[in-house]
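Report on one structure; see the data block that follows.
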Amino acid sequence: MKLTILQQADEELYEAAKYYENKQAGLGYKFLDEVEQHIKWIKTNPTIARLRQGNYRRVNLKIFPFYIPYVIHNDTLWILAIAHSYRKPNYWDERV
């Protein structure tokens, strides 16, 4: 399965990592590592996360208050956002 991360999601990822790195040295890298591990899990198990209203799936990070919404279309897994769990809920909906 091909993996595509939307440009907006990529920007969100690096903005959040930069924020955490400014808070504490090494924390931004820990955030990036957690996101990478979850994306690997999604790629290996794309249909395990439940299908939500709006036809997307999502995986919550364990350490940081973020989640990764994604869709599967044809043979491509699309990462829609790296979204904060408490800020602007579902701001990324139009990306579906």
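The values are calculated or read from the model by the stated rules, or taken from the named source; none is laboratory data. These numbers were taken from a predicted model, which means no experiment stands behind them. Because the Cβ atoms are built from the backbone with ideal geometry, glycine has one as well, and the counts that use them run over all protein chains shown.
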Checklist entry - Could we say that GLU94 is within 22 Å of GLN7 (Cβ to Cβ), out of contact with any Leu (no Cβ under 9 Å at 6 or more places or on another chain) and among the acidic types (Asp, Glu) here? => result yes
Checklist entry - Do you know which residues across the range 43-96 are among the polar types (S, T, N, Q) and more than 25 Å from ASP33 (Cβ to Cβ)? => result GLN53, ASN55, ASN74, ASN90
Checklist entry - Of all residues in the range 15-53, how many are of a type outside the set (Phe, Trp, Tyr), out of contact with any strand residue (DSSP E or B) (no Cβ under 9 Å at 6 or more places or on another chain) and assigned to a helix (DSSP H, G or I)? => result 15
Checklist outcome for this item: Per the filter on the range 74-96, residues surrounded by 11 or more Cβ atoms within 10 Å (Cβ to Cβ) and not in a loop (DSSP other than H, G, I, E, B) are THR76, LEU77, TRP78, ILE79, ALA83, HIS84, ASP93, ARG95
Checklist entry - Can we say ILE63 is out of contact with any Ser or Thr (no Cβ under 9 Å at 6 or more places or on another chain), closer than 18 Å to SER85 by Cβ and either at pLDDT 95 or above or in a helix (DSSP H, G or I) (or both)? => result yes
Next on the checklist: Could you check the range 40-65 and list, in sequence order, the residues that are among the aliphatic types (A, V, I, L, M), surrounded by fewer than 16 Cβ atoms within 10 Å (Cβ to Cβ) and touching a residue at least 12 places away in the same chain (Cβ under 8 Å)?
Outcome noted: ILE63
Item to check | Subset tally (residues that are closer than 26 Å to VAL96 by Cα and surrounded by 15 or more Cβ atoms within 10 Å (Cβ to Cβ)) for the range 15-34 | outcome: 5
Item to check | Test for GLU12: is it in contact (Cβ under 8 Å) with a residue 40 or more places away in the chain, part of a helix (DSSP H, G or I) and among the acidic types (Asp, Glu) | outcome: yes
